[in-house]
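A single structure is presented below for examination.
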Amino acid sequence: MGYRQIITGLLCAAMAWACAKPELFERELGLQSRFVEVGSGTGTTPVMVFSNTSWTAKFVSGVDWASLDRLSGSCSSQVKFSWGGNYGRARKVKIAFAAGSARDTLVIVQASGIAEPYLSLTPSTLNIGADVTQGKVLLTTNIQENLEEVQMSVIYPDGGEAWISDIALTQESLLFNMSPNTGTSSRRATITMSHTDAYDKEISAQLYVTQNPA
């Protein structure tokens with residue numbers, strides 16, 4: 001009998017023994033850890049689940065960069081978590097476990113594949129005419145993998161109605177639309193783009209827009 005077969009047999013025997021003697025773990029559910037950090041490269045890691053009954057596991061929300069080798073088990077056993085390489089900022093996934101009436105959650109954070117993430121807009125200030133209805137500035141960034149997660153907001157320091165709309169990002173530009181300025185004074189707006197990673201670290205960039213009167 002080979003070495004791997006012996007180890008596999010011992011593990012199976014241990015799990016069977018644990019199920020036969022539920023007093024070894026008195027509760028319905030327990031996790032070895034509720035927080036795990038993994039590297040930016042591709043990999044796998046076992047997640048140990050403790051239980052005296054059957055249990056289930058599922059991702060709290062959809063994820064396309066990680067997987068579980070199974071979604072259920074019995075008594076104290078493990079599930080294998082696998083993940084792909086991360087070419088963007090630190091990201092996380094939550095795995096929800098259930099056994100009987102007990103619930104618990106494991107958070108797994110994958111390290112960033114970027115040493116110094118940044119967002120930059122050129123120019124950062126626009127002074128435009130009253131009839132200009134489209135804006136475009138150059139975007140420079142190394143978080144292309146995270147652009148869909150970038151949050152956009154607009155502040156009008158002078159108050160009044162919103163006049164900027166349809167803000168969008170491409171790999172190279174920040175785009176937006178404006179209504180014509182039919183008033184007798186200039187109006188201002190600040191567009192902020194920001195991204196927060198799995199460790200709640202935020203990077204941001206601002207564009208200051210002034211639209212002249214008619």
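Report, in deg cm²/dmol and to the nearest 500, the calculated mean residue ellipticity at 222 nm for the chain, where each DSSP H run with n ≥ 4 adds -39500 (n - 2.57) and the sum is divided by the residue count. Display every interim value, and only then the final one.
On the way: 1 runs with 18 residues, N = 214.
Roughly -3000 deg cm²/dmol at 222 nm, from the helical runs in the chain.
So what's the angle, to the nearest 10 degrees on a 0 to 90 scale, between helix 3-20 and the longest Cα principal axis of the chain?
Helix 3-20 sits roughly 90 degrees off the main axis of the chain.
May I pose another question? Cut-off is 10 Å between beta-carbons; in what order do 203, 128, 155 appear when sorted fewest neighbours first? Numbers along the way, then the final one.
On the way: 203 19, 128 15, 155 10.
With the fewest neighbours first, 203, 128, 155 line up as 155, 128, 203.
If you don't mind, another one. How do 35, 50 rank when sorted from fewest to most other Cβ atoms within 10 Å of their own Cβ?
Details: 35 11, 50 21.
Taking fewest neighbouring Cβ atoms as first place, the list is 35, 50.
Something else now. Which listed residue (71, 85, 147) has the Cα farthest towards the positive end of the charge dipole for the chain, taking +1 on Lys and Arg C-beta and -1 on Asp and Glu C-beta about the Cα centre?
71
Leaving out same-chain residues fewer than 8 places away, which aspartates and glutamates sit with a Cα under 17 Å from that of residue 92?
The reachable aspartates and glutamates, counting only those whose Cα sits under 17 Å from residue 92, are 37, 64, 104, 145, 148, 149, 197, 200, 202.
Would you list 59, 25 from fewest to most Cβ contacts within 10 Å?
Details: 59 14, 25 17.
Final ranking by Cβ density, sparse to dense: 59, 25.
FYI, it's all coordinate maths here, none of it is from the lab. Predicted, not measured: the structure shown is a model, and the values here were computed from it. Note that each Cβ is placed from the backbone with ideal geometry, even for glycine, and that neighbours are counted across all protein chains shown.
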